[in-house]
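The values are calculated or read from the model by the stated rules, or taken from the named source; none is laboratory data. Please read all numbers here as calculations on a predicted model, not as lab measurements. Every residue, glycine as well, gets a Cβ built from its backbone with ideal geometry; the counts of neighbours run over all protein chains shown. Please note that ligands, DNA and RNA were not included when accessible areas were found on the heavy atoms of the full protein model with its side chains. Shrake-Rupley method; radii C 1.70, N 1.55, O 1.52, S 1.80 Å.
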Amino acid sequence: MSRAYNFNAGPAALPLEVLQKAQEQLVDFEGIGMSIMEISHRSKEYERVNSETQERLKRLLQIPDGYKVLFLHGGASTQFAMVPLNLLRQGTVAAYVDTGSWAKKAIEEARLLGEVKIVASSKEDQYTRVPDVDKLELPERTAYLHITSNETIGGIQYKTYPDTGNVPLVADMSSDILSRPIDVSRFGLIYAGAQKNLGPSGVTVVIIREDLAEANEHLPTMLRYRTHVDNDSLYNTPPVYSVYMVNLVLEWIEENGGLAAMEQRNLEKAKLIYDVIDQSGGFYRGVAHPDHRSPMNITFRLADEELEKKFIKESAEQGFVGLKGHRSVGGLRASLYNAVPYESCKALRQFMLDFLQRNG
Ligand SMILES: *Cc1c(COP(=O)(O)O)cnc(C)c1O
């Protein structure tokens, strides 16, 4: 079997062990003679998958009492709307930090629904860094502050989170959830589309402080957090197979040392690549400011687009996948999520060194 060096940004690499276990269980889930996809979401087998996945997330992230873990449809993009729909009341203001492509999408969606204030932005730095959020001035009657913990397209990541006092902090963690330990108690709500660091697409994980899930009857039922909190995330048919896969990925993380071990390995992997960039004498140019570099998404450029095309073409010939930058910003990007093996990163490092030798 030959596996590609997969640096896709999302959907992205999954641990080989997880894929193999899923393959083993595909036609006969734990001896029931059926796939997990073929049975009721009210069956005891699926209810166990649902609660096991919630429990594993609680253990891994040390989620305190008073929070609920939900598995919702519609991707992180639906959360861009669900957050203001549920949290932004008449007479209150939603505060956002603008760090690039994904933050902007969240902001645009909130603007459709109420009053929005951008309280910090790194637009003037072309989104190459996270703006200073140590002394944010939040408007009076701020309903929540929204941040994007890792900008998947720009390749920047918060190293510390703002202290918002009594104002709920809401974070889109789609591309770095479970890549490092975090203190969940500092957040009111965390959401993440699964297809970067948690599993396949189709499920969005929401971790919500229960008091924020108010019972607002004017909202469509499916768009109320309260509906999903009250029904333990089983109000309607959940994305059963995606949740099952997330459970296997969480089990894999537990077996591999948990979040502290993930963080250390992620930093080691990222260093392999950032060191080549930094020591290339300007041949490779990192996009992000070194203080805010993401270990998940490494963005870099070459002298011109011709050379970048050559890099992509030659890397593809050697089995590397997903190194083209996002179509909105161009350049090159390597995504090194939890499931990307250290060996793949070493191979990429070697390719980059060889390419520099040939073209530098
Ligand atoms: C991929 C991504 C999204 C969009 O996720 P969907 O599940 O496709 O809606 C949102 N935010 C961030 C940070 C992302 O990386």
Here the qualifying pairs (Cβ atoms under 6 Å; residues six or more apart or on different chains; first in segment 340-357 and closer than 26 Å to Leu198 by Cβ; second at pLDDT 95 or above and open to solvent by 60 Å² or more (accessible area, probe 1.4 Å)) come out as Ser344/Tyr5; Ala347/Tyr5
Restrict the check to segment 116-124 and report whether at least one residue is assigned to a helix (DSSP H, G or I) and within 16 Å of the ligand (Cβ to nearest atom). no
Being closer than 17 Å to Tyr274 by Cα and either under 19 Å from the mean Cα position of the chain (by Cα) or open to solvent by 80 Å² or more (accessible area, probe 1.4 Å) (or both) narrows Leu336, Leu353, Leu348 down to just Leu336
With Glu109, Glu45, Glu30 as the choices, which residue is assigned to a helix (DSSP H, G or I) and surrounded by fewer than 19 Cβ atoms within 10 Å (Cβ to Cβ)? Glu45
Take segment 274-330 and flag every residue that is at pLDDT 95 or above, surrounded by fewer than 18 Cβ atoms within 10 Å (Cβ to Cβ) and touching a Ser or Thr at 6+ places or on another chain (Cβ under 9 Å). His289, Gly319, Val321
Return yes or no: is Tyr161 under 17 Å from the mean Cα position of the chain (by Cα), open to solvent by 20 Å² or more (accessible area, probe 1.4 Å), within 16 Å of the ligand (Cβ to nearest atom) and closer than 30 Å to Ala120 by Cα? yes
Residues of segment 59-87 that turn out to be away from the ligand (no atom under 12 Å from the Cβ), in a helix (DSSP H, G or I) and out of contact with any Phe, Trp or Tyr (no Cβ under 8 Å at 6 or more places or on another chain), as a count: 5
Answer from Val119, Val133 - the residue that is modelled with pLDDT under 95 and either in contact with a Phe, Trp or Tyr (Cβ under 9 Å, 6 or more places away or on another chain) or surrounded by 22 or more Cβ atoms within 10 Å (Cβ to Cβ) (or both): Val133
Out of (1) surrounded by 20 or more Cβ atoms within 10 Å (Cβ to Cβ); (2) outside any loop (DSSP other than H, G, I, E, B); (3) more than 10 Å from the ligand (Cβ to nearest atom), what's the single condition that is false for Ser185? (1)
Contact list, first residue from segment 311-326 and over 20 Å from Arg3 (Cβ atoms), second anywhere and loosely packed, with under 14 Cβ neighbours inside 10 Å, beta-carbon distance below 9 Å, six or more apart or interchain, is Phe311/Asn359
Restricting to segment 129-151, give me the number of residues that are more than 17 Å from Glu263 (Cα to Cα), of a type outside the set (Asp, Glu) and part of a loop (DSSP other than H, G, I, E, B). 9
